[in-house]
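Heads up: the structure comes next, in structure tokens.
The values are calculated or read from the model by the stated rules, or taken from the named source; none is laboratory data. Quick caveat, the model's predicted, so the values are computed rather than measured. Don't worry about glycine lacking a Cβ; one is built from the backbone with ideal geometry, like all the others, and counts go over all protein chains shown. Protein only, heavy atoms only, side chains kept; ligands, DNA and RNA dropped before computing areas. Shrake-Rupley method; radii C 1.70, N 1.55, O 1.52, S 1.80 Å.
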Amino acid sequence: MSSAAQEPPILEVRNLSKHFGAIRALNDLSMSVHRGEVVALAGDNGAGKTTLIKTISGVFRPSSGEIFLNGQPVTFTTPQEARDRGIETIYQDLALADNLSIGANIFLGREPMKRLFGFVPILDRKAMADAARATMARLDFHVSRLEAPVSNFSGGQRQAVAIGRAVYWDAQILIMDEPTAALGVPEQRKVIALIHQLKAEGRGVIFISHNLQDIFAVADRIIVLRRGVMAGERRISETTHDEVVKLMVGGR
Amino acid sequence: MSSTEDVQKTGPQAAPRDHVAPPADHSERAKTLVQRIADLRAWLFLAALVLAFEIWARYDFDGTFILNPYNLQSIAIFAVAPLLLASGQTFVIISGGIDLSLGFIMGLAAVVAAHVVNWTTPSLGMPLAVLAGALAGVAIAGVPGLINGLLVARLRVPPFIGTLGMFGVARGVAFLLAGGTVVPVQGNSFFSTLGNGRFHGVPYIVIVTIVFVLLMHYLLTQTRFGQHNYAIGANVQAARRAGINIKSHLTRLYVLSGICAGLAGVLYSARFNAGAAQAGEPLLLDSVAAVVIGGASLFGGSGTIFGTVAGALVIAVIQYGLVFINVEPFWQFISVGVVIIISVLIDQAQRRFSGGRVDE
Ligand SMILES: Nc1ncnc2c1ncn2[C@@H]1O[C@H](COP(=O)(O)OP(=O)(O)OP(=O)(O)O)[C@@H](O)[C@H]1O
Ligand SMILES: [Mg+2]
């Protein structure tokens, strides 16, 4: 924690709670993410992991507690506001339009335009394809047919497209809900490699995973939730699978 | 990247699957080839149909079907209204919705156009009255379109239900405005001259339709509106998360579709020199059929204007061709119905083959 402690964390939440009526999905949780740091969220089903990231990314309004970006307090009323501030969330169900190309997905909602004959506005498909090629190459994913709809690509490639979109728009914090859950083993590795790369580029990453192998492969720290509260926080280098499992199930 | 290597060695369970190859590229390419052919299926089908009628004509009475310019013109005129409705319907179906009110929006526009031409001819003179009538017809069609849009976008009424309600409302209003009968255009020969005139043999209304359809193609393929329409049809969540304003998009979408029907209504009243509430009544099915035959999926997310053009021509050729070979007119309904069902089946099969989502 020594050098990172100098500058404020890019993301910090303090005493965050989210209640749904009587359900205390998240209770008084505090955590932080520094530049170039990968934080894993683990915990049993219903522990509150998804609730935590949705509260951070503006989907839910917190019942109480505060969120800070680079030391500044922020409140998000919509996911768009969080995205505008550089927090990109990649949901399990892959927020891609399957029928559009990689470039069209990267630019979805903010498509570049150009003018034909100087006056007819048309989509700048070349700019989209160029950005797609450059972004995917940067993520070390080499796809040949940039015009093809993303439904033609594998799960890992699609995950890379979602990550690529975040990277293209220069997200500083990437939040991923079980990014490897729906993938085969080789593809899981590719995604883990991507997370390594995001880390190397100095971005902050929060990812939810049920897979301890993935967590130990890529995370710097792990935060274990249990019934909405922090069951424990460990540096990966200082913990073991056994200890994490014990935290998750509540054994001692 | 060294970290990647580390990861690749982690985990005993990972080892046995080490050599699983990524999906081969050639299978992807094969997929797109199949998709390409599927995209063209309406044009192939059209060609086959034309060929069949041509063979019939040669065999039966030693004549020609398609090489006869009169037949070509008739088919083109036949296709105008269904194609205009279908071009709006294409946008709606791609977005994952459907517009059942188009037929009576067309009738409403035809009646209003005829009335306005009649009212304004004495004061404005013939050409300006025609302009006023055309604008009024198209504008009035935007109103039910707007209400459809608000119902679907703001009140979250399923498109099927909302536009079915509007089907009834537009029908009632159209018949009320028409006083229960046909509204003849009187004292303005210019209107019908436009509706029946030709430029080098090509009817004006066909030229207007071609230009409009090209504009719709541009809107669908070259603008954000079109791009967002595809995205919404494929994955509305993804579109929303990408920051697209779904409500405003859907509202504009149904207004657009109403306007297409409005133009069809105006051209109808110009051609027949009269407005009729039931002008578009039989065309709703044709509009959906043209879109589906043209390769769009009723599940949303796919479809093209040019596909729809082929679909509309298929229907026009079937209908005109069956008259041409002297078959009882009821066979038209049967054959168009069969073609729709076959097209939907092809779509289902294609989705299954290309790994798209198929409703279980
Ligand atoms: N929108 C909601 N309304 C009401 N209760 C909710 C809502 N979202 C989550 N919950 C409840 O909050 C608790 C935490 O759920 P959450 O989805 O955050 O768990 P999770 O850790 O992501 O679980 P999983 O591993 O199954 O994804 C659960 O009891 C859940 O039922
Ligand atoms: Mg969850």
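Things worth noting here:
- Rounded, prolate or oblate (a/c below 1.5 giving rounded, otherwise prolate when a/b exceeds b/c) for region A:185-231 by Cα gyration tensor: oblate
- Interatomic Cα distance distribution for region A:98-169, bins of 10 angstrom, percent: 22, 53, 19, 6, 0
- Charge tally in the Cβ shell below 15 Å around residue B:149, where Lys, Arg are +1 and Asp, Glu are -1, residue B:149 excluded: +3
- Each of B:120, B:152, B:289 was placed along the dipole of chain B (beta-carbon charges, centred on the mean Cα), and the one lying farthest toward the positive end is B:152.
- Figure note: A:230, B:216 ranked by solvent-accessible area, largest first, 1.4 Å probe, ligands and nucleic acids not counted: A:230, B:216.
- Environment charge of residue B:170, counting only residues whose C-beta is closer than 13 Å and scoring Lys/Arg +1, Asp/Glu -1: -1
- 10 Å Cβ shell holding at most 15 others, DSSP loop, trypsin sites (Lys or Arg not before Pro): longest site-free stretch of chain B: B:157-356
- Put B:228, A:210, A:142, A:19 in order of accessible area, highest first, and with a 1.4 Å probe you get A:142, A:210, A:19, B:228.
- In Å², nearest 10: area of residue A:98 left accessible to a 1.4 Å probe: 40
- For residue A:226, residues with placed amide H under 5 Å, excluding near neighbours: A:231
- C-alpha long axis of helix B:25-39 to longest principal axis of chain B, angle in °: 10
- Placing +1 on the Cβ of every Lys and Arg and -1 on the Cβ of every Asp and Glu, with nothing else charged, gives region A:98-169 a dipole about its Cα centre of roughly 140 debye.
- Nonlocal amide H pairs with residue B:304, under 5 Å, H built at 1.01 Å: B:296
- Other protein chain Cβ atoms within 10 Å, averaged over every residue that makes up A:187-194: 4
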